[in-house]
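The values are calculated or read from the model by the stated rules, or taken from the named source; none is laboratory data. Small disclaimer: the values here were computed from a predicted structure and weren't measured. In this analysis, Cβ positions are derived from the backbone assuming ideal geometry, glycine residues included, and neighbour counts consider all displayed protein chains. What goes into the accessible areas is simple: the full protein's heavy atoms, side chains included, and nothing from ligands, DNA or RNA. Shrake-Rupley method; radii C 1.70, N 1.55, O 1.52, S 1.80 Å.
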Amino acid sequence: MTTIMPGDKNLRNAIAWIEERRHKDPDLKKLMAQAATQFDLTPPEELALSRFYREEAVSR
């Protein structure tokens, strides 16, 4: 399966960070909140992150 990565560098880094930790901590909402803080995501970037994982869940 091919995943299309968002173009924003902060967003790409946040997704990579989440994916590295996801197997140890399956609480995606918590990881997303931590990533938003760690990568200083803007509100639109946080929405894009939520949308990315929502679309990922639908495609599974």
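Numerical summary
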item: Enumeration of residues in region 21-44 that are free of Cβ contacts under 8 Å to residues at least 24 places away in the same chain and charged (D, E, K, R); result: Arg21, Arg22, Lys24, Asp25, Asp27, Lys29, Lys30
item: In region 15-40, the residues that are within 9 Å of the chain's Cα centre (by Cα) and not aromatic (Phe, Trp, Tyr); result: Ile15, Ala16, Ile18, Glu19, Leu28, Leu31, Met32, Ala35, Ala36
item: Complete set of residues in region 30-60 that are open to solvent by 60 Å² or more (accessible area, probe 1.4 Å), more than 15 Å from Asn10 (Cβ to Cβ) and among the acidic types (Asp, Glu); result: Glu55
